[in-house]
Amino acid sequence: MANRISLARPYARAIFAEALEGDTLGSWRQRLDALAEALDDASLRPVVRSKVIAREAKLKAMSIALGADAGLTDLAGLLVKNDRLELAGEIAAQFAELVREHEAKQKVTISTPHPLSEEDLQTLSERLSSRIGKRIEIDAQVDSSLLAGVRISGQGWLIEGNMRAQLAHLARQLLAA
C-alpha cells in the first residue's frame with residue numbers, strides 16, 4: 001500500500017501545483033475523479049490492465065473515454081507511458097487531500113446506525129470545526145453494526161461513542177478479570 005502512495009505522490013503534487021497556479025483546483029479535482037472512474041469502468045478496465053495491448057491502443061481507448069479534455073488525456077498518456085495507470089485513484093485521493101490542506105479543511109467520517117438529518121450533520125460539523133480549528137468536510141455513513149451512537153474519525157484520530165465499542169470494552173474487562 002505504501003508503495004502506491006509513494007508512487008502517486010509526485011503526480012498529485014505536480015497536478016496540484018499546476019492547478020493552484022491556474023486557479024483550477026475544483027475542475028482538476030473533478031477531472032481526476034472522472035479519470036479514476038473511467039479506469040474503474042468494467043468495459044475499459046480490461047483494456048488498460050492488459051499486458052498484451054499496446055500502449056498506443058490503451059491511450060486511444062483512454063482518450064475516447066475521457067473525451068476532449070486535453071489535460072486529462074495528457075495525464076493519462078503520461079501514466080500509460082510510465083505504466084502507472086493503476087495509480088489514478090490514489091492520485092485523485094492525494095490531490096483531494098492536498099486541496100483540503102490548502103483550504104484548511106479536514107475530511108471527517110461520521111458513522112451512525114441510522115442516517116443523520118442535515119441539521120445534526122451541520123451541528124456536528126460546527127462543533128468539530130471549532131474543536132480542531134479547520135473547516136470540516138463530512139462523509140456521513142450508515143453502519144448498522146454500531147447498534148447505537150456514533151463513530152467519528154478524521155486524519156489520525158477516532159472518537160468511539162457507540163454501543164458496539166462500549167460492549168467490546170466491557171467484554172475485554174470481564175475477560176481480563
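In this structure, L78 does not satisfy being touching a helix residue (DSSP H, G or I) at 6+ places or on another chain (Cβ under 7 Å) and either closer than 24 Å to R9 by Cα or not in a helix (DSSP H, G or I) (or both).
Might you let me know whether the stretch 80-95 holds any residue that is touching a residue at least 24 places away in the same chain (Cβ under 8 Å) and polar (S, T, N, Q)? Yes, that holds for at least one residue.
The residue pairs whose first member lies in the stretch 50-68 and is farther than 10 Å from V80 by Cβ, whose second member is in a loop (DSSP other than H, G, I, E, B), and whose beta carbons are closer than 6 Å, counting only pairs six or more residues apart or on different chains, are A65/L44. For G71, the test of being within 27 Å of N3 (Cβ to Cβ) and touching a residue at least 40 places away in the same chain (Cβ under 8 Å) is passed.
Of the strands (runs of 3 or more DSSP E) lying entirely inside the stretch 102-177, those carrying at least 2 residues that are among the acidic types (D, E) and closer than 30 Å to L25 by Cα are 135-142. No other residue among A12, A42, A17 is assigned to a helix (DSSP H, G or I), aliphatic (A, V, I, L, M) and exposed (fewer than 15 other Cβ atoms within 10 Å of the Cβ) apart from A17. State yes or no: is K60 in a helix (DSSP H, G or I), of a type outside the set (A, V, I, L, M) and out of contact with any helix residue (DSSP H, G or I) (no Cβ under 6 Å at 6 or more places or on another chain)? For K60, the condition - in a helix (DSSP H, G or I), of a type outside the set (A, V, I, L, M) and out of contact with any helix residue (DSSP H, G or I) (no Cβ under 6 Å at 6 or more places or on another chain) - is met. None of E103, E97 is among the charged types (D, E, K, R) and either more than 21 Å from N3 (Cα to Cα) or touching a Pro at 6+ places or on another chain (Cβ under 7 Å) (or both) except E103. Filtering the stretch 64-88 to residues that are among the acidic types (D, E) and at pLDDT 80 or above leaves D74, D83, E86. The residue that is surrounded by the most Cβ atoms within 10 Å (Cβ to Cβ), counting only those in the stretch 121-153 that are under 13 Å from Q106 (Cβ atoms) and in contact (Cβ under 8 Å) with a residue 40 or more places away in the chain, is I152. Residues in the stretch 31-63 that are among the acidic types (D, E) and at pLDDT below 80 were compared, and the one that is farthest from I91 (Cα to Cα) is D41.
The values are calculated or read from the model by the stated rules, or taken from the named source; none is laboratory data. No experiment lies behind these values; they were computed from the predicted model shown. For neighbour counting, all protein chains shown are included, and Cβ atoms are generated from backbone atoms with ideal geometry for every residue, glycine included.
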